[in-house]
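K.L.:
One structure coming up, written as structure tokens, with questions to follow.
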Amino acid sequence: QVQLAESGGGLVQAGGSLRLSCAASEIIFSIYIMGWYRQAPGKQRELVARITSGGTTNYADSLKGRFTISRDNAKNTVHLQMNSLKPEDTAVHYCTAQKAWEMYWGQGTQVTVSS
């Protein structure tokens, strides 16, 4: 069974940084598109960033320049570096692994940004 375990969430002041990590198991990690989604209270879940097996990235337009996604295929991990955080970034952040029609989700990690 595919497992995605997120870590690194927490409480940070506006302007601060956090680095989320996701460790994947039971998949051939290198062939999956890895991603991060988030869901704020009362809002729909939205894409934050994705990275292909070859390292091609795409980001939500509103987050370009502040967030950086990266992956380490040797360690089956994907990271999300979040800088210049704003209160509106407060959300549960989910790690995903996608290949064709397969989509797997982690349990999520809470990010809270105080003003």
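K.L.:
Can you name the residue in the range 1-15 that is open to solvent by less than 30 Å² (accessible area, probe 1.4 Å) and of a type in the set (A, V, I, L, M, F, W, C) and, of all such residues, is farthest from the chain's Cα centre (by Cα)? Lay out the reasoning, then the answer.
P.N.:
As a first pass, look at the range 1-15 and keep what is open to solvent by less than 30 Å² (accessible area, probe 1.4 Å): 4, 10, 12.
This time we only want the ones that are of a type in the set (A, V, I, L, M, F, W, C), so: 4, 12.
On the way: Leu4: 11, Val12: 17 Å.
For the range 1-15, the residue satisfying everything is Val12.
K.L.:
Pick from the range 80-93 the residues that are open to solvent by 30 Å² or more (accessible area, probe 1.4 Å) and part of a strand (DSSP E or B): which of them is nearest to Ile51 (Cα to Cα)?
P.N.:
So, considering only residues that are open to solvent by 30 Å² or more (accessible area, probe 1.4 Å) and part of a strand (DSSP E or B), the one nearest to Ile51 (Cα to Cα) is Gln81.
K.L.:
From the set of residues in the range 16-66 that are of a type in the set (Lys, Arg) and open to solvent by less than 60 Å² (accessible area, probe 1.4 Å), which is nearest to the chain's Cα centre (by Cα)? Give the derivation first.
P.N.:
Here is the first cut: in the range 16-66, the residues of a type in the set (Lys, Arg) are 19, 38, 43, 45, 50, 64, 66.
Now drop any that are not open to solvent by less than 60 Å² (accessible area, probe 1.4 Å), which leaves 38, 66.
On the way: Arg38: 8, Arg66: 13 Å.
Among those residues, the one meeting the criterion is Arg38.
K.L.:
Glu88 passes all but one of (1) within 13 Å of the chain's Cα centre (by Cα); (2) touching a residue at least 12 places away in the same chain (Cβ under 8 Å); which number fails?
P.N.:
Only one criterion in (1) within 13 Å of the chain's Cα centre (by Cα); (2) touching a residue at least 12 places away in the same chain (Cβ under 8 Å) is unmet by Glu88, namely (1).
K.L.:
State which residue pairs qualify: first residue touching a residue at least 40 places away in the same chain (Cβ under 8 Å) and closer than 16 Å to Tyr94 by Cβ and inside the range 58-80, second residue open to solvent by 70 Å² or more (accessible area, probe 1.4 Å) and assigned to a strand (DSSP E or B) in any location, beta carbons under 8 Å apart, and separation of 6 or more residues or different chains.
P.N.:
Final answer for the pair search is His79/Arg19; Leu80/Arg19; Leu80/Thr68.
K.L.:
Continuing with this model, one more query. Looking at the range 59-74, which of its residues are closer than 28 Å to Glu26 by Cβ and among the polar types (S, T, N, Q)?
P.N.:
The answer is Thr68, Ser70, Asn73.
K.L.:
Over 15 Å from the mean Cα position of the chain (by Cα) and at pLDDT 95 or above: does that describe Lys75?
P.N.:
Values: over 15 Å from the mean Cα position of the chain (by Cα): yes; at pLDDT 95 or above: no.
When the stated conditions are applied, Lys75 does not pass them.
K.L.:
For Ala74, all conditions in the list (1) touching a helix residue (DSSP H, G or I) at 6+ places or on another chain (Cβ under 7 Å); (2) hydrophobic (A, V, I, L, M, F, W, C); (3) over 20 Å from Gly108 (Cβ atoms) hold save one; what is the number of the exception?
P.N.:
Unmet condition: (1).
K.L.:
Taking the options Tyr37, Tyr59, Tyr32, name whichever one is within 21 Å of Thr112 (Cβ to Cβ) and among the aromatic types (Phe, Trp, Tyr).
P.N.:
Details: Tyr59 fails: within 21 Å of Thr112 (Cβ to Cβ); Tyr32 fails: within 21 Å of Thr112 (Cβ to Cβ).
Tyr37 is the lone residue from the list that is within 21 Å of Thr112 (Cβ to Cβ) and among the aromatic types (Phe, Trp, Tyr).
K.L.:
For the range 94-115: of the residues being open to solvent by 60 Å² or more (accessible area, probe 1.4 Å) and in a strand (DSSP E or B), which is nearest to Val2 (Cα to Cα)? Don't jump to the end; show me each part of the working.
P.N.:
Narrowing the range 94-115 to residues open to solvent by 60 Å² or more (accessible area, probe 1.4 Å): 99-101, 103-105, 107, 110, 115.
Keeping just the survivors that are in a strand (DSSP E or B) gives 99, 103-105, 110.
Working: Lys99: 12, Met103: 10, Tyr104: 7, Trp105: 9, Gln110: 21 Å.
Filtering the range 94-115 for residues that are open to solvent by 60 Å² or more (accessible area, probe 1.4 Å) and in a strand (DSSP E or B), the one nearest to Val2 (Cα to Cα) comes out as Tyr104.
K.L.:
When you scan the range 59-75, do you find a residue that is in a strand (DSSP E or B) and more than 24 Å from Gln13 (Cα to Cα), even just one? So that I can check it myself, show each step before the final result.
P.N.:
We begin by selecting, within the range 59-75, every residue in a strand (DSSP E or B); these are 59, 67-72.
Right, trim to more than 24 Å from Gln13 (Cα to Cα) and you get 71-72.
Within the range 59-75, one or more residues are in a strand (DSSP E or B) and more than 24 Å from Gln13 (Cα to Cα).
The values are calculated or read from the model by the stated rules, or taken from the named source; none is laboratory data. None of these values were measured; they are calculated from a predicted model. With ideal geometry, Cβ positions are generated from the backbone for all residues, glycine too; neighbour counts draw on all protein chains shown. The area values use the complete protein model at the heavy-atom level, side chains included, leaving out ligands, DNA and RNA. Shrake-Rupley method; radii C 1.70, N 1.55, O 1.52, S 1.80 Å.
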